1. Given contacts defined as C-alpha pairs under 8 Å and at least six residues apart, what's the relative contact order of segment 172-241, whole-number percent?
2. From the helices alone, meaning DSSP H stretches of at least four residues, give me the mean residue ellipticity at 222 nm for the chain, per-run term -39500 (n - 2.57), in deg cm²/dmol to the nearest 500.
3. Mind sorting Asp144, Asp98 by how few other Cβ atoms lie within 10 Å of their own Cβ, fewest first?
4. Work out which trypsin sites (Lys or Arg not before Pro) in the chain are exposed loop sites (DSSP not H, G, I, E or B, at most 12 other Cβ within 10 Å) and give the longest gap free of them.
5. Can you sort Val164, Val59, Val202 by how many other beta carbons sit within 10 Å, fewest first?
6. Which helices, taking whole DSSP H runs in the chain, have alpha carbons extending 18 angstrom or more along the helix axis plus mean Kyte-Doolittle at least -1.0?
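Quick note: the coordinates plus some simple rules give every number you see, no bench work behind them. Model, not experiment: these values are computed from the prediction. Cβ placement follows ideal geometry from the backbone for every residue including glycine, while neighbour counts extend to all protein chains displayed.
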Amino acid sequence: MSPTLVSPAVAEARAALLELGGRDATGITSAIETLPSLPAFQVMATASQAARPQWAGLVDDLFERPLLKHAKAGLRNALMSTLTGDTLYRNVFFSFADAVVLWHYGHTQERTGAARLDAAYDAMRRLLEGAERFIEIRPRLEPDVAYFHRLRRIRLTRDHAYPVLRRAGRLLGAVEAQVTGEKLHSVRGSILTSYVTFSAQVIAMARALRAERNAIQREDVLAGLAAITALLQTPPAVLAG
């Protein structure tokens, strides 16, 4: 997408992201701005505005798998997390799961089936274990409850990491609005933008934990954004292969 053809909202959001992210963020801005050219992203953007059953189907079986069960046991709700100072809570992590399910739907329009759940589950595990290397890695052990106890304590306040993440979300929202024609909401954004931003946060926190750091840095945020935008562009068949 040429800078001369983007809307003022996109141009402003891009400049705000680059202001904090610097040259390292140029690849992310380009990846986000090219998403509307993908038919699968157009499906995701449209479907995310509909009622959840229209695109998610029944995902109870997915939430019975170890990763999601351990996340539910190891993470608190938003209010309790605020009181205890945790920075990752259930709603954020489950938005990550929703984003991956929506990614699969965008590419396949499948709403049911064990294969769909297998593909979403595999993608989630890859992203947690490999960040931007998710395509080439193979998941090993299932994260246990203790893993999520550690993950929820990763801080978001170092190296302007969280502001970079939020500005990337602002850019994604502006880009998505060009697909849907919906008016931008400055605070809550759209469902799809929220899902993608939360996903990048979760992936960044998992990356920091692997590096034995107690806070995310900009490099973790950029890796998380690179991973989730790459996933949106990757047909499920690529991972299955």
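1. Worked out over segment 172-241, it gives 25 percent.
2. Rounded to the nearest 500, it is -19500 deg cm²/dmol.
3. Sorted ascending by nearby Cβ count, the order is Asp144, Asp98.
4. Counting at most 12 other Cβ atoms within 10 Å as exposed, the longest clean stretch of the chain is 1-139.
5. Listing Val164, Val59, Val202 from fewest to most nearby Cβ atoms yields Val59, Val202, Val164.
6. Correct list, ordered by number: 8-21, 90-108, 114-130, 161-180, 191-210, 218-233.
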